[in-house]
1. Given a 10 angstrom Cα cut-off, can you work out which residue in Glu91, Glu74, Glu45 is the most mobile in a GNM of the chain?
2. How far apart, in nm, are the 7 Å Cα→Cβ label points at Glu91 and Thr41?
3. Relative contact order, percent, of the chain when contacts are C-alpha pairs under 8 Å separated by at least 6 residues?
4. Counting each DSSP H run of 4 or more residues in the chain as -39500 (n - 2.57), what helix-only mean residue ellipticity at 222 nm follows after dividing by all residues, to the nearest 500 deg cm²/dmol?
5. Under a GNM of the chain (C-alpha, springs under 10 Å), which listed residue has the highest mean-square fluctuation: Ile37, Ile50, Ile90?
6. Just tell me, in residue order, which DSSP H segments of the chain are both 15 angstrom or longer along the helix axis (alpha-carbon based) and at least 0.0 in mean Kyte-Doolittle hydropathy.
7. For Thr93, Thr41, what's the fewest-to-most ordering of other Cβ within 10 Å of each Cβ?
8. Can you give me the distance in nm between label points at Leu2 and Arg52, each placed 7 Å from the Cα along the Cα-to-Cβ direction?
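Read-outs: derived from the displayed coordinates by stated rules, not from any lab. Keep in mind that what you see is a predicted model, and the values were worked out from it rather than measured. Cβ placement follows ideal geometry from the backbone for every residue including glycine, while neighbour counts extend to all protein chains displayed.
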Amino acid sequence: MLIDTLAGGLSGAGCYTDAGMPMAGKTDGVFPVAVKIEAFTPLIEFQQSIGRLVHLVKSSPLAPGVTKVLVPGELEERTRRHRLREGIPIEPTTWHALEQILGRFHLAIEDF
């Protein structure tokens with residue numbers, strides 16, 4: 001709720017109907033924030049505290065059908081490593097469109 005209040009409420013994007021649904025065209029609020037951690041606590045203490053929080057969250061009991069608790073960014077990092085190893089999947093229609101565009105300029109995928 002805090003993030004929705006800041007990202008939606010302050011930007012005007014967090015407008016909801018009486019039924020609790022976002023109003024059309026009002027769902028792209030942003031609230032960028034930068035925090036100088038050392039202004040509040042030593043960086044090493046912050047890192048240790050976050051490490052303990054991650055450990056606590058990851059040691060939570062698993063829901064039925066779930067094999068592992070993930071924290072924000074973990075799935076994205078796993079995907080990044082996989083794509084660095086295996087490449088980025090591209091749908092055949094998109095690949096064909098790219099080849100067509102390159103062909104107009106007498107280029108080939110191999111040129112890149």
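1. Between Glu91, Glu74, Glu45, it is Glu91 that shows the largest mean-square fluctuation.
2. So the label points at Glu91 and Thr41 sit 4.5 nm apart.
3. Averaging sequence separation for qualifying contacts and normalising by length gives 12 percent for the chain.
4. So the helix-based figure for the chain works out to -12000 deg cm²/dmol.
5. Highest fluctuation among the options: Ile90.
6. 43-58
7. Least to most surrounded, the residues fall as Thr93, Thr41.
8. Distance between label points: 1.8 nm.
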